[in-house]
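**Q** For reference, the structure I am asking about is given below.
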Amino acid sequence: MSEPYCVLVARLYHESNRLNPEPTGEARFLVERGRDILQSPSGVFKGLTETLGAAGIKIEPIFSAGAPPSGLVNHDFYLRLRDELLDAVRSIKPDAIGLELHGAMGTTETPDAEGDLLEALRLVVGPDVPIGIGLDLHAHVTRRMLDNTDICIACKENPHSDTIKCGQKVAELLIAQLEGRLTPVTVSAFTPMTLPGACDTASGPLAEIHAKARDYAALCPSIKDISIFNAFRFVDDDEMGQVVTVLSDGRDTKTASLAVDLANRFWIERERFKDDLLAVDELFDLIRNSPEKRPFVIGDMGDRVLAGAPGDSTVLLSAVLDHYPGLRGALTITDPAAAARAAEAGMGATITLPVGAGFTPGFTSRLITGRVDHVSDGDFVLDGPFHGGERSVMGRTAVLRVDNRLHVLLTGKPAYSHDPAAFTSQGLVLKDLDFVVSKSGYHFTLNFAGRATPVLVNTPGIGYYRKGEFKYEKSRFWPEHNIPAPTIAARQHYVGAALKSMRETSE
Ligand SMILES: [Zn+2]
């Protein structure tokens, strides 16, 4: 019997918001190494590794490194991880490489960390070792990434309920390529625009574009995947926009026109990508007037930790303290100093202190008085389904009960509040509350399903794109810029060609 194929796997997961003034250093990352990372994987990495394992592939796990979305990653830390991976590839000499990457990781020196990583990997392994990656659909997917991967695909749903499936597909395609049953060829098409809203894939224009993509794939047997990347709006790079990729088995002359057609649909439908957010007063009026729908879970769009904002807003806290005396709720505020002060005061102590606004430019802090109800190290495990089973760290966390009705979770680090466990792990009971605030725009609807009524609110902060609010030096896209009707063309990606041009320039 021949030796089983050996596939090297790793996970490097970060969505980097360049507007967050705090760089993301090693301390924010949870890094695990070796076989431990196969014990309880989640998402793309779970699908990838379990499918490879079930097929009898020998898996070489290197590391899993991830942090909640936040500011640009410290470049030296990124380089250390990159070099660790390259060294492992050099010594193991795998038959293929399978990675979970977010796809929108920027460092303090480059907006395209994944492109840099994949190019470096390709230079080490050459053109013949397949590299397959599974990405978030909000990846900032670049030419450099596509030119250096054999398989580069995204999950298809927002909120991301199909990440495991995405990982399974990466594994299946890699195995097919290793066994000589697949010659992956990718074409892409790019539209210079962002989606101001309507980013949910279950309804509206995105649902229609995805349905069309499924129709095309069903009609064309050579097509193995169509991925639709909706960009990460807080990156600033030469090409930032919608990207459609079509991966086929061998070259198929039809795929280019299908990619262009799908990318064009974004432009044609652009005016329909609008959000339907409530203003802060509309939100709390709704909660006050709808007791039958309580508890509500509020997506605080401006301060979305899931888009890399710091989570230090006091806007909703102040609104409810000043204008809605009856409402009971819970919310997180990133404030390491206040969390430490409350923890040191101890359970049962009543303290007065300013909270919040330590990171986001333009935010103001709020003076509150409250009783310390709970103190912890802030570690918890997410209920899921999104990130389900994953460990999360909020840092030292203290719950302050304010006005006997508002539970303010002061956290040492930005909290993953898109999951109920962020609150229940701190002793709170959702059904005793009128609302909880989640610093997420979409994924919280999955994780709170059946437990609270979701609603989105238009709040200030760096987690929500508003035309004209942020400075873009390199990107040019609708609606931020005045873009004439674009000529959308297909681009062919050849692994070998990318490598050849790289070798020529490095010579
Ligand atoms: Zn995403």
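**Q** Over the range 325-403, what number does the Rg to Rh ratio reach, with both radii from the alpha-carbon atoms and Rh per Kirkwood?
**A** A ratio of 1.01.
**Q** Would you rank Tyr13, Tyr5 by solvent-accessible area, highest first, keeping every protein chain in place and using a 1.4 Å probe?
**A** Ranking Tyr13, Tyr5 by accessible area, largest first, yields Tyr5, Tyr13.
**Q** Sticking with this one: Calculate how steeply helix 495-506 sits against the longest principal axis of the alpha-carbon atoms of the chain, using the helix alpha-carbon long axis, and give the answer as 0 to 90 degrees to the nearest 10.
**A** The helix 495-506 is inclined about 90 degrees to the chain.
**Q** Oh, and also: In terms of solvent-accessible area of protein heavy atoms at a 1.4 angstrom probe, what is the ranking of Ser392, Ser203, highest value first?
**A** Output order, biggest surface exposure first: Ser203, Ser392.
**Q** Could you check the spin-label model distance between Lys467 and Leu30? Points 7 Å from the Cα along Cα→Cβ, value in nm.
**A** Placing both labels 7 Å along Cα→Cβ, they lie 4.0 nm apart.
**Q** Compute the acute angle (0 to 90°) between the alpha-carbon long axis of helix 113-125 and the principal axis of greatest extent of the alpha-carbon atoms of the chain; round to the nearest 10°.
**A** 30 degrees
**Q** How high is the relative contact order of the range 254-400, in percent, counting Cα pairs under 8 Å that sit 6 or more residues apart?
**A** Value for the range 254-400: 17 percent.
**Q** While we're here: Could you give P(r) for the range 126-166, binned at 5 Å from zero, as whole percent values over all Cα-Cα pairs?
**A** With 5 Å bins starting at 0, P(r) equals 5, 23, 27, 20, 14, 7, 2, 0.
**Q** Which percent, to the nearest 5, of DSSP beta bridges fully inside the chain are antiparallel?
**A** Just about 50 percent of them are antiparallel.
**Q** Return P(r) of the range 150-202 (all Cα-Cα pairs; 5 Å bins starting at 0; whole %; ordered from short to long distances).
**A** Result returned by the calculation: 4, 16, 18, 20, 19, 13, 7, 3, 1.
**Q** I've got another one for you. Enumerate the calculated ³J(HN,Hα) couplings along the range 463-473 in order (Karplus 6.51 cos²θ - 1.76 cosθ + 1.60, θ = phi - 60°), each rounded to whole Hz, writing x wherever the residue is Gly or Pro.
**A** For the range 463-473, the Karplus-derived couplings read x, 9, 6, 10, 3, x, 7, 10, 8, 10, 8 Hz, x marking Gly and Pro.
**Q** Using only Cα atoms, what is the ratio of the radius of gyration of the range 109-203 to 2.2 N^0.38 Å?
**A** Working it through for the range 109-203, the quotient is 1.17.
**Q** Convert 25 °C to kelvin, take the viscosity as 0.890 mPa s, use the Kirkwood radius over C-alpha pairs of the range 183-275 as Rh, and evaluate the Stokes-Einstein diffusion coefficient in µm²/s, rounded to a whole number.
**A** 181 µm²/s
**Q** Assuming R0 = 22 Å, what is the FRET efficiency of Thr364 and Ala340, from their Cβ-Cβ distance, to the nearest 0.05?
**A** Result of the calculation: an efficiency of 0.55.
**Q** Still on this structure, please answer the following. Let me have the 222 nm mean residue ellipticity of the chain computed from DSSP H runs of 4+ only, each contributing -39500 (n - 2.57), with the sum over all residues rounded to the nearest 500.
**A** -9000 deg cm²/dmol
**Q** Still on this structure, I have one more. List the cysteines in the chain whose Cβ has no other cysteine Cβ under 4.7 Å from it.
**A** Lone cysteines by the Cβ rule: Cys6, Cys152, Cys199, Cys220.
**Q** Next question. In percent, how large is the relative contact order of the range 183-275, given Cα pairs closer than 8 Å and 6 or more residues apart?
**A** For the range 183-275, the relative contact order is 45 percent.
**Q** Here is a follow-up. Where in the range 174-260 are there GluC sites (Glu not before Pro) that are in a DSSP coil and have at most 14 other Cβ atoms within 10 angstrom of their Cβ?
**A** Answer in residue order: Glu179.
**Q** So, taking all protein chains as they sit and a 1.4 Å probe, how much accessible area belongs to Asp249, in Å² rounded to tens?
**A** We get 60 Å² for Asp249.
**Q** For the range 280-457, just say rounded, prolate or oblate: build the C-alpha gyration tensor, square-root its eigenvalues into a ≥ b ≥ c, call rounded for a/c under 1.5, and beyond that prolate if a/b exceeds b/c, oblate if not.
**A** The shape class here is rounded.
**Q** If you look at just the Cα atoms of the chain, how large are its Rg and its Dmax in Å?
**A** 23.0, 74
**Q** What ranking of Asp261, Asp312, Asp252 comes out by heavy-atom accessible area, probe 1.4 Å, highest first?
**A** Asp261, Asp252, Asp312
**Q** Leaving ligands, DNA and RNA out of it, report the carbon-plus-sulfur percent of the accessible area of the range 280-457 at a 1.4 Å probe.
**A** Ligands and nucleic acids excluded, carbon and sulfur give 51 percent.
**Q** Further, regarding this structure: Where Lys and Arg each count +1 and Asp and Glu each count -1, what net charge lies around Cys6 among other residues with Cβ under 15 Å from its Cβ?
**A** -1
**Q** Under the definition of Cα pairs under 8 Å and six or more residues apart, what whole-number percent is the relative contact order of the chain?
**A** Once normalised by length, the contact order is 17 percent.
**Q** Next question. Using only the alpha-carbon atoms, how far is helix 43-54 inclined from the longest principal axis of the chain? Give it as 0 to 90 degrees, nearest 10.
**A** 40 degrees
**Q** Please list, short to long, the whole-number percent of alpha-carbon pairs of the range 1-182 in consecutive 5 angstrom bins beginning at zero.
**A** All Cα pairs, binned at 5 Å, distribute as 1, 9, 18, 22, 23, 16, 7, 3, 1, 0, 0, 0 percent.
**Q** On to the next question. Loop only per DSSP, at most 13 neighbouring Cβ atoms within 10 Å: give me the GluC sites (Glu not before Pro) in the range 454-492, ordered by residue number.
**A** Passing both the DSSP loop test and the Cβ count: Glu469, Glu473.
**Q** Taking 0.36 nm per residue of separation and subtracting the Cα-Cα distance, what length does fully extending Asp76 through Thr350 add?
**A** 94.4 nm
The values are calculated or read from the model by the stated rules, or taken from the named source; none is laboratory data. As the structure is a prediction and not an experimental result, all values here were calculated from the model. Glycine also receives a Cβ, built like all others from the backbone with ideal geometry; neighbour counts cover every protein chain displayed. The accessibility values were calculated without ligands, DNA or RNA, using every heavy atom of the protein model including side chains. Shrake-Rupley method; radii C 1.70, N 1.55, O 1.52, S 1.80 Å.
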